[in-house]
Amino acid sequence: MADAPRTVLISGCSSGIGLELAVQLAHDPRQRYQVVATMRDLGKKGTLEAAAGEALGQTLTVAQLDVCSDESVAQCLSCIQGGEVDVLVNNAGVGLVGPLEGLSLAAMQNVFDTNFLGAVRLVKAVLPSMKRRRQGHIVVVSSVMGLQGVVFNEVYAASKFAMEGFFESLAVQLLQFNIFISLVEPGPVVTEFEGKLLEQVSTAEFPGTDPDTLSYFRDLYLPASRELFHNVGQSPQDIAKVIVKVIGSARPPLRRRTNTRYTPLIALKAMDPSGSLYVRTSHCLLFRWPRLLNLGLRCLACSCFRTPVWPR
Ligand SMILES: NC(=O)C1=CN([C@@H]2O[C@H](COP(=O)(O)OP(=O)(O)OC[C@H]3O[C@@H](n4cnc5c(N)ncnc54)[C@H](OP(=O)(O)O)[C@@H]3O)[C@@H](O)[C@H]2O)C=CC1
Ligand SMILES: CC1=C(/C=C/C(C)=C/C=C/C(C)=C/C=O)C(C)(C)CCC1
C-alpha cells in the first residue's frame, strides 16, 4: 500500500525558488506530497496558481504566511490538519547589498528578522509535533553566502551564516528524534531576488558613504556581480530539482550545494583555513585585476563546467 502523502509547508512561494519547488512537488508523479505553498501577500498568488494548473486544490493549496509574524504562523498552522507538517521548507528570504555605512540598521534588522528569525519562528512552531511523531525533515534554503562572505553583502551573508550555525547545531539533537535537517546552498540564481536588489541600489543614495567606496561598489562590484549572475546563474527550476531530490532522499544530507560552476570560488576558502587566500584573491580580482576577473567569469561559463546542477 502506498504511504500517505507527506505534508510539505514552504515559505515564500510568490516567486522564484519557492514557487518552482511548490509546483514540482505538487506534480510529483507518485503523488507523495501534499503541498502547502505559502506567501505573505495572497494578492500575488496568481502566478503560482497558474503554474500549479490541475494540481491546485488537489496536491497544492495556497495559504497566507508572513515569517516575521507569530500570529500569521499560528494562523497558517491552524489550517493544516492537526498542525502536522512532515517537511518544512524555509525558503522565504530577502537580500541586502551596498556599502555598510549607507545601510540603515532597520534594513539590516529586516534581513535578520526574515532570513534568520523567520526560519527559527517556523521551526519552533512545527518542532513539537515533529518530535511527538518522531519524524520530520526541515529544509533550509541557505546560500553559498552561508559558507563564504562576499564583499558588499556583509549583512545578508551574516544572516545566512547564522542559519548555517543554528541548523547545524540543531541537527545533532534532532537526529535523536529521527528529524533531519538539510541546508541547500545555491550560488547565484536568476529570480526576482537580483532584480529587487538592483532596484533597491538604483534608488539608494547610501548616505554617509565616501566617494571611493561608492565608486568601488557601483563601478567594480555591481558589474562583476551582474557578470557572475549572467555566467554562472542557475534557474529556480535547477534549484527546485535539487531540493526535490533532497526531500525524497531516505537519508537526507545536512548540506547540499547546487552549482559546480561556483566551486572554484568556494574552493579558495576550503584550500586555506587561515582565510587569507580567499580574502586576498577576491580583493585582487575585484580591485586590482578586473580584466582577469572578467576572463575568469567567462571561463566559469564555458562548457568545461557543463553540469549546471550538481549532483544530477
Ligand atoms: N536568487 C539567488 O541568487 C539566491 C537566493 N537564495 C535564497 O533563496 C531563497 C528564495 O529566494 P529567490 O527565490 O531567489 O527570490 P525571490 O525574491 O523570487 O523569492 C523570495 C520569496 O521570499 C518571500 N518573502 C520575503 N519576505 C517574506 C516574509 N516576511 N514572509 C514570507 N515570505 C517572504 C518573497 O515574498 P514577496 O513576494 O512578498 O516579497 C518571495 O516569495 C531566499 O532565502 C534567498 O536568500 C540563495 C542563494 C542564491
Ligand atoms: C565571490 C566573488 C565575487 C562575487 C560573488 C557573488 C556576487 C555571489 C553571489 C551569490 C548570491 C547571489 C547568493 C545568494 O544567496 C566577486 C565580486 C565577483 C569577486 C570575486 C569573488
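The values are calculated or read from the model by the stated rules, or taken from the named source; none is laboratory data. Bear in mind that the values here come from a model prediction, so they are computed numbers and not experimental data. Ideal geometry is used to build each Cβ from the backbone, glycine not excepted, and the neighbour counts take in all protein chains shown. Remember, those area values only see protein heavy atoms, side chains included, never the ligands or the DNA or RNA. Shrake-Rupley method; radii C 1.70, N 1.55, O 1.52, S 1.80 Å.
A few comments on the model shown:
- Options E227, E205; residue that is open to solvent by 20 Å² or more (accessible area, probe 1.4 Å), within 14 Å of ligand 2 (Cβ to nearest atom) and in contact (Cβ under 8 Å) with a residue 24 or more places away in the chain: E227
- Test result for E199, over 29 Å from V244 (Cβ atoms) and open to solvent by 30 Å² or more (accessible area, probe 1.4 Å): yes
- Test: residue in the range 233-249 that is more than 16 Å from ligand 1 (Cβ to nearest atom), part of a helix (DSSP H, G or I), more than 22 Å from G195 (Cα to Cα) and over 24 Å from the mean Cα position of the chain (by Cα): no
- The range 130-151, residues that are surrounded by 17 or more Cβ atoms within 10 Å (Cβ to Cβ) and more than 14 Å from ligand 2 (Cβ to nearest atom): M130, G136, H137, I138, V139
- Those residues of the range 230-261 which are within 12 Å of ligand 2 (Cβ to nearest atom) and open to solvent by 20 Å² or more (accessible area, probe 1.4 Å), in sequence order: H230, N231, G233, R257, R261
- Residue match in the range 221-228 (condition: closer than 30 Å to P29 by Cβ and in a helix (DSSP H, G or I)): no
- Test: residue in the range 39-50 that is of a type outside the set (D, E, K, R), under 24 Å from A74 (Cα atoms), more than 13 Å from ligand 1 (Cβ to nearest atom) and not in a helix (DSSP H, G or I): no
- Filtering the range 54-105 to residues that are of a type in the set (V, I, T) and within 20 Å of G149 (Cα to Cα) leaves V94, V97.
- Out of Q64, Q81, Q58, sole residue that is open to solvent by 50 Å² or more (accessible area, probe 1.4 Å), more than 22 Å from the chain's Cα centre (by Cα) and at pLDDT 95 or above: Q58
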